[in-house]
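The values are calculated or read from the model by the stated rules, or taken from the named source; none is laboratory data. These numbers were taken from a predicted model, which means no experiment stands behind them. Cβ placement follows ideal geometry from the backbone for every residue including glycine, while neighbour counts extend to all protein chains displayed. Calculation scope for accessible area: heavy atoms of the full protein, side chains included, ligands and nucleic acids excluded. Shrake-Rupley method; radii C 1.70, N 1.55, O 1.52, S 1.80 Å.
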Amino acid sequence: MKPASFALIMAGGRGTRFWPASRARYPKQLLKILSAKSLIRETAERVIPLIGRDRTFVVTVREHAPAVRRELAVIPKANCLEEPWGRNTAPCIGLAALELARMDSNAAMIVLPADHWITDVQSFRRLLKTGVRIVAERDVAVTIGIRPSYPETGYGYIVKGKSLAGPNGPAWAVSGFKEKPPFDEAARLLRSGALWNSGIFIWKVRTILELLRDYSLPIYERLEAIRSAMGKQSLRAAKRPLRAAVARHYKDMPSLSVDYAVMEKAAAAGRVVTLAGNFGWSDVGSWAALHRLLARDRSNNAGVGQWLPLDSSDCLIYSPRRLAVVFGLSEAVVIDTPDALFVGNLKKSQDLRAVVAELEKRGYKHLT
């Protein structure tokens, strides 16, 4: 009998590095930038054939929930769980685990970011199945690593330890993590066999709650308070008193990534295993990352929508509503939206968060 599994899609981020297409009220995961479907819809449809509609869940912040529910009509509306506010990935995962534990605390929980891109879906599903088999046999956390193709400084890295090759295929204990290293260190990590950290995780539902208890007690204590308020109620059908209790305890919830709150400490204790994936993955983390994924012309220009580069090279143009002509530019990014136009250096697109912060400071918060 195959192990029972849930899928959890995390959809809480703003995607500020995709401004001005991505906004606080219309985040990156809702954008249709690599296909006719949004990134979150692509994510759901990758995992539903493996897990099933009824066992696929999403967590998003309350202000995005209506749009996410509309976009994910492929799953039950009740499977969209709401955070009162974004508190990073550890509280998000913990809140979902409380709900899933009511259904089957021994089931595997596959955790997926909503805004990633994968080209080889069959290889991706095979690796998820391998991870599910591992956590069915052992109380460990599995993190999916990606075999790197170049020394990327915008990704975290997984440092492999002892080989754990067995009946489920090659796997490694995780000896540590390196977050967004400088170029020289990224090159060294690549040569040493380290993997990119995809942010995709697999564990039993009860295992992640135990790891939060052991390594991030401030988060766990607030989750326990929410569990107490739930009683026999479900978060999927939460009435006003329960929603108020969740908000009250979330207000003081530490904002921590699951990597920092749990994975780094669990790895040091020998409780994390990694699998190496090679399925055409990207976190689509910036306009420069999108440029690498799109088909390009002979001058290395790429675009979405209506775009025409003339005497230009290495440019990205996003203009879904009208023709954008770029003339005589190199390494430019041009993003055209109804109320904002952004023109910048493509190589600096990782720094767009600073641009958004400056806009807010200068009185343009309504455009962010």
* Enumeration of residues in the stretch 111-150 that are over 30 Å from Ala187 (Cα atoms), touching a Ser or Thr at 6+ places or on another chain (Cβ under 6 Å) and surrounded by 21 or more Cβ atoms within 10 Å (Cβ to Cβ) -> Val132
* **Number of the exception - Leu112 against (1) assigned to a helix (DSSP H, G or I); (2) under 19 Å from the mean Cα position of the chain (by Cα)** => (1)
* What do you reckon, is Val326 touching a Cys at 6+ places or on another chain (Cβ under 6 Å) and of a type outside the set (S, T, N, Q)? -> yes
* Asked: Here are some residues: Ala78, Ala73, Ala108. Which one is modelled with pLDDT of 95 or more, open to solvent by less than 30 Å² (accessible area, probe 1.4 Å) and small (Gly, Ala, Ser)?
  -> Ala108
* When only residues in the stretch 151-169 that are open to solvent by less than 40 Å² (accessible area, probe 1.4 Å), touching a helix residue (DSSP H, G or I) at 6+ places or on another chain (Cβ under 6 Å) and outside any strand (DSSP E or B) count, which is modelled with the lowest pLDDT? -> Asn168
* **Arg14, sole failed condition from (1) surrounded by fewer than 21 Cβ atoms within 10 Å (Cβ to Cβ); (2) assigned to a loop (DSSP other than H, G, I, E, B)** => (1)
* Structure fact -> Restricting the stretch 32-62 to residues that are among the hydrophobic types (A, V, I, L, M, F, W, C) and closer than 25 Å to Leu294 by Cα, the one surrounded by the fewest Cβ atoms within 10 Å (Cβ to Cβ) turns out to be Ala36
* Meets criteria (of a type in the set (A, V, I, L, M) and modelled with pLDDT under 95) for Met10 -> no
